[in-house]
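Taken together, the values in this text are just the output of simple stated rules run on the coordinates, not laboratory data. Bear in mind that the values here come from a model prediction, so they are computed numbers and not experimental data. Every residue, glycine among them, receives a Cβ derived from its backbone with ideal geometry; neighbour counts consider all protein chains shown.
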Amino acid sequence: MSYRFVTIDDRAALLDDDDGWHDLAEVGNGRFGPDPMEALADLGGLREVAATLDPRSASGSLAEARAAGRVGPPVPRPTNCFAVGLNYAAHIEETSVAPPANPLVFTKFPTCLVGPDADVVLESATADWEVELVVVIGVGGRHIPADEVWSRVAGLMVGQDISDRALQFSATPPHFDLGKSRDTYGPTGPALVSVDRVGDPDDLELRCEVNGNVRQHGRSSSMIFDVPFLVAYLSDILTLRTGDLIFTGTPAGVGRVTGDALAPGDVITSTIEGLGTLVNRCV
Ligand code: ZN
């Protein structure tokens, strides 16, 4: 049984098939408390509870909760939040660098994470958009074989790796970590969707619009290092923990290349097939 996991008022919740939400502590028969990070340690429990949801007893609709600003990041406090740079061939081409022999991994410090409808608070005139598929680790550990990866992933969600280009390139070599970790520069959501609920998790369409204009449009199948490789690679180096996030890189069309940057009032709309849409206004 699949599930879609969200946070409402920073409490774990599940969506039913009509997009109604159910507080996990209330519907979980004592198996769950309100803490979303604790809930992710019991994926089997999430599946069981999701199978029992009755849309007629929903606490409300996801759309209403989003409009009221009550929906937060599905995974609000991961131990680690990894991101991968230069992972799509067309994006590497547009940035005129050599294709990497190994994944270029950096950190988005978890304090940057916000929900699917959060404002992005611009702190410079050089902020840029990057729609990305975000992988959430379910059953972590070391030395995870690539062919086990999808069965150990808690789910997928949409992410925006908002980047302050001036900050990113203000040091030599560039510091990706800080340049991509300003507060509010990590919108995620709207739901964490179990892998069995999306069609082919290795081939999902991604799209990013700014003020209704399509800026990025690609497919996750054109990643250079795919999800099984990335998880296996990271877990050979360090322990992956339940709830850890991996931003898996962005397709072509970033503002740094086209000479554009985000400005106050801009609305970034980020969509991934089967996962939903983030709508973030810049202020
Ligand atoms: Zn990125």
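What value does segment 4-71 have for Rg/Rh, both radii from Cα atoms and Rh as Kirkwood defines it?
0.93
Order by neighbour count: Val71, Val6, Val121, Val254, fewest other Cβ atoms within 10 Å first, most last.
Lowest to highest Cβ neighbour count: Val121, Val254, Val71, Val6.
Relative contact order for the chain: what is it in percent, counting Cα pairs under 8 Å that are at least 6 residues apart?
Once divided by the residue count of the chain, the mean separation gives 25 percent.
Please report, in debye to the nearest 20, how large the charge dipole of segment 4-71 is about its Cα centre when each Lys and Arg carries +1 at its beta carbon and each Asp and Glu carries -1 there.
That gives segment 4-71 a dipole magnitude of about 60 debye.
Please provide three numbers in whole Å: the alpha-carbon extents of segment 213-283 along the principal axes, with the largest listed first.
Each principal axis gives a Cα extent; for segment 213-283 these are 42, 25, 24 Å.
Express the Stokes-Einstein translational diffusion coefficient of segment 111-159 in µm² s⁻¹, to the nearest whole number, given a Kirkwood radius over alpha-carbon pairs, 10 °C and a viscosity of 1.306 mPa s.
117 µm²/s
Pairs of alpha-carbon atoms within less than 8 angstrom and 6+ residues apart define the contacts here; what relative contact order does segment 100-163 have, in percent?
This gives 37 percent for segment 100-163.
For segment 68-151, place one equal point scatterer on every Cα, skip the solvent, and apply the Debye formula. What is log10 of I(q)/I(0) at q = 0.17, 0.18 Å⁻¹?
-1.01, -1.10
Above 28 angstrom, tally the Cα pairs of the chain and express them as a % of all pairs, no decimals.
Looking at the chain, the distances longer than 28 Å represent 31 percent of pairs.
Can you compute the modelled spin-label distance between Arg31 and Arg47, with each label point 7 Å from Cα toward Cβ, in nm?
Going by the 7 Å Cα→Cβ label model, 1.1 nm.
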